[in-house]
1. Out of the residues in region 137-152 meeting the condition of being in contact with a Lys or Arg (Cβ under 9 Å, 6 or more places away or on another chain) and of a type in the set (Ser, Thr, Tyr), tell me which one is surrounded by the most Cβ atoms within 10 Å (Cβ to Cβ).
2. Output the number of residues of region 215-260 satisfying the condition of being closer than 25 Å to PHE182 by Cβ, part of a loop (DSSP other than H, G, I, E, B) and not charged (D, E, K, R).
3. Would you mind stating whether TYR482 is under 21 Å from the mean Cα position of the chain (by Cα) and either open to solvent by 30 Å² or more (accessible area, probe 1.4 Å) or of a type in the set (Phe, Trp, Tyr) (or both)?
4. Being closer than 22 Å to GLY458 by Cα, without any contact (Cβ under 8 Å) to a residue 60 or more places away in the chain and out of contact with any Pro (no Cβ under 9 Å at 6 or more places or on another chain) is the requirement here; does THR298 meet it?
5. Considering only residues that are modelled with pLDDT of 95 or more and open to solvent by 80 Å² or more (accessible area, probe 1.4 Å), which ones fall in region 374-385?
6. So, in region 415-437, of the ones that are more than 12 Å from the ligand (Cβ to nearest atom) and among the charged types (D, E, K, R), which residue ends up least open to solvent (accessible area, probe 1.4 Å)?
7. Test LEU388 against the stated conditions and say whether it is open to solvent by 60 Å² or more (accessible area, probe 1.4 Å) and not in a loop (DSSP other than H, G, I, E, B).
Amino acid sequence: MSDLIHKSASELAELIASKSVSSVEVTEAFFDRSVELNPKTNSYLYLNRENAISAAKAADAALANGEKLSPLHGVPIAVKDNLTTTDAPTTSGSKILEGWVPQYDATVVAKLRQAGLPILGKTNLDEFAMGSSTEYSAYGPSKNPWDLTRIPGGSGGGSSSAVAGHLAPIAIGSDTGGSIRFPAAVTGSVGAKPTYGAVSRYGLIALASSLDQIGPVSNTVLDSALLQDVISGHDKHDSTSLPQSLGSMADAVRNADVKGLRVGVVKQLDSNAFQPGVKACFDDTIAKLVAAGAEVVTVDCPSFEYAIAAYYLILPAEASSNLAKFDSVRFGLRVTPDGNPTIERVMAATREAGFGPEVKRRIILGTYALSSGYYDAYYGSAQKVRTLIQQDLNKAFSQVDVLLTPTAPTTAFKIGEKVNDPLAMYLNDIATIPANLAGIPGMSVPNGLAVEDGLPSGIQILAPAMQDAQMYRVGSIIEQMYLAEWGSPLIAKAPKLEVL
Ligand code: GLN
């Protein structure tokens, strides 16, 4: 059964639907591997065999009754630990929520259950999804299956390392500034941030509500498309969720055709600031697209220069307000100081003990940026930059169907390399942040190994708002070009974790 773990989610779904294999067998294969390898990768913060197997049994029983609940019926999945689950603790990578078991399922989690996908466990993340490496998790970093001394990206490094290491065939991530796409790029996986509002955020522990979006992580473009189809749709619990359907992403992948494709390369993100091997992979993809008949033009997005600065004002501002609810009264940890434990002192002691340094840094930054007298200078200016970025993108998309950039400036860096340098950590998001500021969809697809270190590189595809199908179309075209060259997904070239 060990060959099951190397199959894609869509292949597994077909085997389960045709009853060649049961959901229980597939779920057990991934679960057993996860239990064995999690001590090495730290992908999961929580694994529960009973929950996973009983959901798999229910999926098999439904199928025996002639009920196929979704195109991914029976396929097990890993869920980032900032989505609420009634049958598992939800920590968001923080000590302040240690052991907290929510009273409701996030809409995405409820949709996964209704679609017949057994949940294997909850995956690790930087505390409250703040970070690019999982090193800010209160529960230790996850490791990259390509090289266990390196980061698997962040904040969703638990999900990316689980998928890249075949501890789960697919996973759920959340992306506020790149936390699905950056981890996908540095682990050789696929990850997509849908259009803002395409997927309900109800039950997602909010980082920055105007930027957050939930999305899929997988080893193939089709798997992400199938998963986005399962989790998207309007939700009355989330007033920012889109009322209309964006169509079938799986159809966009299956019918992908390069004919008439116009691609834009962003001048501001086509520079030597990228690691040479990453840049070489990017140039190679562009050359392949040209050879296949795509039209490629350079587009100018001058305001991208200010994207990181604007993001690191807007995000802390929203986060400082969202995190105010962790006050020792309603959730998780409560620390009672000696002496006279007034409510203020209990709250202060709890937040002092429960939050890590990066979270505290952003709360301080956010409250400062929002304070009277500074509001216009910082938060107000950042919002203006956000509008300028949207205008740059509108102009670019009037010339092309999609924009392409390298997803990450470098391949996976070493654990410890940037953890004490917050600014260096923030710079990882240079290419991914504009999509969150503008609310447009973005995805990362593997596009080779960097020549200097043999580690995976990813290419980012950006599409206009609500044109997620266009993004998946191009993702599929690029994947097909590389499959023709490699013969198998890039992930098949990864060192086999079981021999490590
Ligand atoms: N690295 C970014 C940050 O630290 C991305 C976070 C995210 O997308 N959740 O804010």
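1. Checked region 137-152; the qualifying residue surrounded by the most Cβ atoms within 10 Å (Cβ to Cβ) is TYR139.
2. Of all residues in region 215-260, those closer than 25 Å to PHE182 by Cβ come to 215-232, 238, 240-242, 246, 249-250, 252-253, 256.
Keeping just the survivors that are part of a loop (DSSP other than H, G, I, E, B) gives 219-220, 238, 240-242, 246, 256.
Narrowing further to those that are not charged (D, E, K, R): 219-220, 240-242, 246, 256.
Of the residues in region 215-260, 7 are closer than 25 Å to PHE182 by Cβ, part of a loop (DSSP other than H, G, I, E, B) and not charged (D, E, K, R).
3. The answer is no for TYR482.
4. Yes.
5. LYS384
6. Here the answer is ASP421.
7. yes
Every residue, every condition in (1) part of a helix (DSSP H, G or I); (2) in contact (Cβ under 8 Å) with a residue 24 or more places away in the chain; (3) surrounded by fewer than 21 Cβ atoms within 10 Å (Cβ to Cβ), yes or no:
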site: ALA317; (1), (2), (3): yes, yes, no
site: VAL329; (1), (2), (3): no, no, yes
site: PRO337; (1), (2), (3): no, no, yes
site: ALA369; (1), (2), (3): yes, yes, no
site: GLN399; (1), (2), (3): no, yes, yes
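The values are calculated or read from the model by the stated rules, or taken from the named source; none is laboratory data. Owing to the predicted nature of the structure, the values given are computational and were not obtained by experimental measurement. All Cβ positions, even for glycine, are placed from backbone atoms using ideal geometry, and neighbour counts span all protein chains on display. Heads up: the accessible areas ignore ligands, DNA and RNA and are worked out on the full protein's heavy atoms, side chains in. Shrake-Rupley method; radii C 1.70, N 1.55, O 1.52, S 1.80 Å.
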